[in-house]
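Visitor: Mind looking over this structure? Questions follow.
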Amino acid sequence: MNALLLAADVNVAQNIGFYIIAAIMLYAAFSVVSTKNVVHAALWLVVVLGGVAAQYILAAAEFVAVSQVMVYIGAVMVLFLFGIMLTRASIGADTDVNNKDWKLGIPVGLVFFGVLVYTVVDAFEGTVIVEPSAAQIASSTTLISDGYLGDYLIPLIALSFVLLAAAVGAIVLARKD
Amino acid sequence: MLLAAQETAAAGWFLENAWLIPLIPFVAFFVILLFGKKMPRGGSEVGIASMVAALVVAAGAAYQWIDRVDSSHGEEVEPVIRQWVWWQSGGTRFGIGEHIDGLAIVVLLLVAFISTLVQIYSTEYVKGDRRYTHYFASITLFSAGMLIMVLAPNMVQLILGWEIMGLTSFLLIGHWWEEKANSEAALKAFWTVRVGDVGLLVGTAVLLGIFGTLDIKGINDSAAAGQFGSHNALMWAAIALFIACIGKSGQFPLHTWLPDAMAGPTPVSSLLHSSTMVVAGVYLVARLYPVFHVGLEINAVGQTFNLIAVIGGITVIVAAALAFVQNDIKKVLAYSTVSQLGYMMMGLGVGAWTASVFHIFTHAFFKCCLFLAAGSISYTASHHSFDMKKDMGGLWKKMPITFGAWMVSTAALAGIPFFSGFFSKDEIIDSAKHADYTIFYLVGIVGAFMTIAYMTRATYLVFFGTPRGGAAHFMGVEHGLEHRDDHAHETLGHDDHSDDHADQSDHGHDDHPEPVRGRPFPFAKYDSPWKITAPLLILGTLAVGSGYLNAPAVGVHWFEHQTESSIGLPLAEHEADGDNAEQVSSEHAVDESVGAEDVGAAEHAADSAIYSVPEPPKFAWGAAAPGLLLVLAGFLVSLFLSLAVFGKRKNVLSPLVGITERNKLFGAGHRFLVNKLYLDHLYEKVIVHGVAYPVSKAAYWFNQNIIDGVVDGAGRSTKRTGEWVYRNIDQRLVDGAVNASGMVANESGHALQPVQSGKVNHYGALLFGAAAVGAIVLILLNV
Amino acid sequence: MYAVNFLLLSAALFSIGVFGVIARRNAVMVLMSIELILNSVNLNLVAFALINKDIDGHIFALFVIAVAAAEVGVGLGMVLMIYRNRRSIALDELSEMHG
């Protein structure tokens, strides 16, 4: 009991940080799906992705966080901006970025959210995360690499083929001829 | 790293390295594909070399296996198993390696040997083909697939080989895909077999669930020892696996792909239908025999039929009936293959394991030989046609090697005594009788009757009677050559000539230049080139000789002795009331060991050594007599029917066929006549009408009036039954079921059409909405 | 810290992403919404790795990142192709799959 309280005490700062980042992320995510300006949507998405990276650090997954920053904010966002540019979307606000029946998304999203909230709360209510020790955090990258080159070697190889196929496929699709 | 090294001290190099056998052709496939076109002979040399190398290793392994059995002194001969980790996922490791025992050795040797001959044959047959290199690549990979499957120590490798075969059979059947019929046949073969393959996957999954292992030896041992949770589960596993065998081995409901698969080049048909592909299903049953035997309670007390025997039995009869109404020589052989596979399945279904495996062995030689002979005919004589009625007839004179090989193989197929098919088929039939499966005994002998009948019909149409179409042209060309050579030559039927010369006047020799082809053997200069006839000679010899590895009629049980340890079940002496094998197995392990130890005692012990079927080794002519009488009857019925029906339809003088062969006088008169070429037509008419016609009339009268009532009637009804089965069962019932399932899919598609708005967003909404609803249902279920 | 924090945030992001996929007309924006969904899944995976003290969650998150990168590459390639052929990337005009 004492340890649990102690753990909760120690986590106050972390909790505050979490809620601030989470609030920013949610606002940004809403903006991504509601703004009428495509470029703004992409920029709001950067905020969300950065927030996710921050949450990774809070969750003691800094290798994933760094990968997130490099792959998403570095590469994927550039791709998106190229995509926007090459398809000549208007830089200003657009009138018809939504479907005619876009309201269909509201009930579906809400029902989905409700189901998820119910399940999550039902399963994990009161579960407290025990902080990993500094040594554990420090060894996590080692463990990841061991996992990749051990149990998950075949999936890793398969993934490399997926990436190769995607690269070839993207080139074939985008080629002008 | 070795997954499981059940290594034995003195297994011998070839046995330990038998994994090279499939590896060599597998590597050769890539070599041919990548470098074949740059090679002087288009990659065929690599294919043949790889098959020869595989054959050498297989022969070495066979030699060492025989040594191993002989030096075991009656103890149980352990298979040689080596496995390496192929891949792993999570904690499960999947092995690849080899599992060598008597059964595997037999089929390995068979596949390597026949593949070698077929590839040599192919170098001539597909010479100049536009996809020559690809052909050899595919056929090499095909053999590799079969070898991988045969060597499989576990189900995963077995499925791998099985699927490689499925893929390459598609490539080979559709080799000439520019013609729509060919590509359709390839697709049909592929999909029909895929239907069965679902059963293989399901059955394997169930086996993994029951036994917790994918190793074939583990599965067999556990099944034979009764170490499984539920017998029902084992039964369903056996049924699922058997569905796969139905698809692959062309058993009754899924046999339709096999005759269509004749669209491929003839060597491919020959390889597919003799030692590989279609045998895979039978091999699977033989390999996992304890699963099937225990799962389906074969040889249980009082059992009169079981799934395997019933499917096999139906296939024997239906396919043989269908063979009657085919005009395409390859289709006759295809249905014949289906029918013979039915025999093998039926044999396995009644517990005659050794006989069935031996039938795989003998059948491979004579059926391969028959297909290659058909290919030889179409290549040399009938202008690449396979139509027996339009383009063949009377070829026996000009193609002595093809004819001889064909006749020997036909005799073997028909089960005529002292040819190989007799020893294996008769043993299956005999075993059915002794295991108290009376129905299948009857099916067996009726099947034997039908077999010889349709083969006689085919033989008559191809080699005797009047040459027609392409064959007539061929015969005509060769006549011209004969005259130039001025050799003493033998006669043909007079009637042949009336057609020949009519044909010659239509096409002269010159407007049909000889195609570039290899040299024939000097003693058969009108026959096909030697690359075609040499395999025929070898296979023809084996069609006789292979039977003597296990010939109960002459007291040889060698084959049985070499393979009996592969059954996976203990051998049992047959009790008069059809006792179950497992119950008496322990006592008979002793019997068996005594038999192997002492050659003198081997005779007696081996008499009871067939699994729960004691008699077949103790061969009795009396027991075989009903079958043999029916074979004789079938021959006579079909012969007279062929003479009456085909002869009459082509030409009023048809009965002359018999006369010219019997009467030397006509032969001599005829020889005289051919030298006067331009008068031949007239003389033919004079001789034929003046002399031969009355004689033929008499023979015809004899045929029609004396034998007609019994023979013709019986024959006609057989033919009508065959046609009826083809029309109603094959075309309506089977195809109808297929069409009905298509209809259902079509209708349900129409009903669901409005959902398909074509808009991605709608699909997204449906997807996530359905996921949400599904989640709610799961939550409600779990609350 | 409570486990539900991460999981609820992830649920919210996921639902917003679902809404975006359904509501948006512009193909690029739909792809962005899909990125939201994938990120929420990643957050979940990392959270579970933290809860269960098991590194596998990180490994899977990295797998998802790699696959997502591939997906964006091919997806934008397709969008570009569609734009080149039709001068528009409005998804409701692409209804050739209409049954």
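Visitor: So for each of B:30-39, A:153-162 I average, over its residues, the number of other beta carbons within 10 Å; can you give me the resulting order with the highest mean first? If you can, show how the numbers build up before the last one.
Guide: On the way: B:30-39: 16.0, A:153-162: 13.1.
So the order, starting with the most tightly packed, is B:30-39, A:153-162.
Visitor: Thinking of segment B:211-290 as a set of Cα atoms, what percent of all their pairs are more than 19 Å apart?
Guide: Details: 1449 of 3160 pairs.
Tail fraction, whole percent: 46.
Visitor: Let me ask something else. If the limit is 23 Å between Cα atoms, which of B:Lys389/B:Lys719; B:Lys330/B:Lys397; A:Lys176/B:Lys38 go over it? Numbers along the way, then the final one.
Guide: On the way: B:Lys389/B:Lys719 16 Å; B:Lys330/B:Lys397 21 Å; A:Lys176/B:Lys38 35 Å.
From B:Lys389/B:Lys719; B:Lys330/B:Lys397; A:Lys176/B:Lys38, over 23 Å: A:Lys176/B:Lys38.
Visitor: Moving to a separate point now. Per residue, what volume in Å³ does the Cα convex hull of segment B:253-372 take up?
Guide: Here the figure is 89 Å³ per residue.
Visitor: Okay, moving on. Distance cut-off 21 Å, Cα to Cα: go down the list B:Lys367/B:Lys425; B:Lys390/B:Lys531; B:Lys127/B:Lys248 and report the pairs above it.
Guide: B:Lys390/B:Lys531; B:Lys127/B:Lys248
Visitor: Determine, at each q value in 0.19, 0.25, 0.28, 0.32 (inverse angstroms), the log₁₀ of I(q)/I(0) that the Debye formula gives when each Cα of segment B:425-467 is one equal point scatterer.
Guide: Listed by q, the Debye log ratios stand at -0.59, -0.76, -0.86, -0.98.
Visitor: Please give the peptides B:235-244, C:77-86 ranked by average Cβ packing (other Cβ atoms within 10 Å per residue), highest first, as a rough proxy for protection. Don't skip to the end; give the middle numbers.
Guide: Values: B:235-244: 23.6, C:77-86: 16.8.
Ranking, from highest mean packing down: B:235-244, C:77-86.
Visitor: Assuming a ≥ b ≥ c are the square roots of the Cα gyration tensor eigenvalues, decide whether segment A:14-89 counts as rounded (a/c under 1.5), prolate (otherwise, with a/b larger than b/c) or oblate.
Guide: Note, shape of segment A:14-89 comes out oblate.
Visitor: Relative contact order of chain A: what whole-number percent is it, with Cα pairs under 8 angstrom and at least 6 residues apart?
Guide: Once divided by the residue count of chain A, the mean separation gives 19 percent.
Visitor: What is the dipole size for chain A, taken about its Cα centre, with +1 at each Lys and Arg Cβ and -1 at each Asp and Glu Cβ, in debye to the nearest 20?
Guide: 780 debye
Visitor: Same structure, new question: Please report the spacing between the Cα centers of segment A:109-177 and segment A:23-53 in Å, no decimals.
Guide: Taking the Cα centre of segment A:23-53 as reference, the centre of segment A:109-177 is 21 Å away.
Visitor: Separate question: Can you list which of the chymotrypsin sites (Phe, Trp or Tyr not before Pro) found in segment B:317-406 are DSSP loop residues with at most 11 other C-beta atoms within 10 Å?
Guide: In loop regions of segment B:317-406 (DSSP not H, G, I, E or B), there are no sparsely surrounded chymotrypsin sites (Phe, Trp or Tyr not before Pro).
Visitor: Charges at C-beta only: +1 for Lys and Arg, -1 for Asp and Glu. How large is the resulting dipole of segment B:256-413 about its Cα centre, in Debye rounded to 20?
Guide: Charge dipole, segment B:256-413, about its Cα centre: 360 debye, nearest 20.
Visitor: Radius of gyration and Dmax for segment B:155-256's Cα atoms, expressed in Å?
Guide: Here Rg and the maximum Cα pair distance are 16.1, 53 Å.
Visitor: If the viscosity is 0.890 mPa s and the temperature 25 °C, what translational diffusion coefficient in µm²/s does Stokes-Einstein give for segment B:42-84 when Rh comes from Kirkwood over Cα pairs?
Guide: My calculation gives 196 µm²/s for D.
Visitor: Amide H of B:Gly95 versus every other amide H placed in the peptide plane: which residues, excluding those fewer than 5 positions away on the same chain, fall under 5 Å?
Guide: Excluding prolines and chain starts, which carry no amide H, the hits are B:Trp86.
Visitor: Considering only A:Ala135, A:Phe112, A:Phe161, whose Cα is most displaced toward the positive end of the charge dipole of segment A:107-177, charges sitting on Cβ of Lys, Arg (+1) and Asp, Glu (-1)?
Guide: With unit charges placed on the Cβ atoms, the residue in question is A:Phe161.
Visitor: Convex hull volume of the Cα atoms in segment C:3-96, per residue, in Å³?
Guide: Cα-based convex hull of segment C:3-96, divided per residue, equals 79 Å³.
Visitor: Rounded to a whole number, what is D in µm²/s for chain A from Stokes-Einstein with the Kirkwood radius over alpha-carbon pairs (37 °C, 0.692 mPa s)?
Guide: 163 µm²/s
Visitor: Is segment B:108-164 rounded, prolate or oblate when judged by the Cα gyration tensor, a ≥ b ≥ c being the square roots of its eigenvalues, rounded requiring a/c under 1.5 and prolate requiring a/b larger than b/c?
Guide: Working: a/c = 5.58, a/b = 1.96, b/c = 2.84.
Verdict is oblate for segment B:108-164.
Visitor: Over the alpha-carbon set of segment A:107-177, work out the extent along each principal axis and list the three values in angstrom, largest first.
Guide: 58, 45, 19
Visitor: Express in whole angstrom the spacing between the alpha-carbon centres of segment C:23-62 and segment B:127-178.
Guide: Their Cα centres are 43 Å away from one another.
Visitor: Calculate the dipole size of segment C:3-96 relative to its Cα centre from +1 charges on Lys and Arg beta carbons and -1 charges on Asp and Glu beta carbons; express the result in debye to the nearest 20.
Guide: Taking the Cα centre of segment C:3-96 as origin, the dipole is about 280 debye.
Visitor: On average, how many beta carbons from a partner chain sit within 10 Å of the beta carbon of a residue in C:88-96? Intermediate results must be reported in sequence, preceding the final value.
Guide: On the way: counts 1, 5, 3, 6, 10, 1, 3, 6, 1.
Average neighbour count from other chains, rounded to a whole number: 4.
Visitor: List the relative contact order of segment C:3-96 as a percent without decimals, with contacts defined as Cα pairs under 8 Å and 6+ residues apart.
Guide: Once normalised by length, the contact order is 29 percent.
We did not get these values from a lab; they are worked out from the coordinates using the rules stated. All values reported here derive from a predicted model rather than from experimental measurement. Counting neighbours? That spans all protein chains shown, and the Cβs are built from the backbone with ideal geometry, glycine included.
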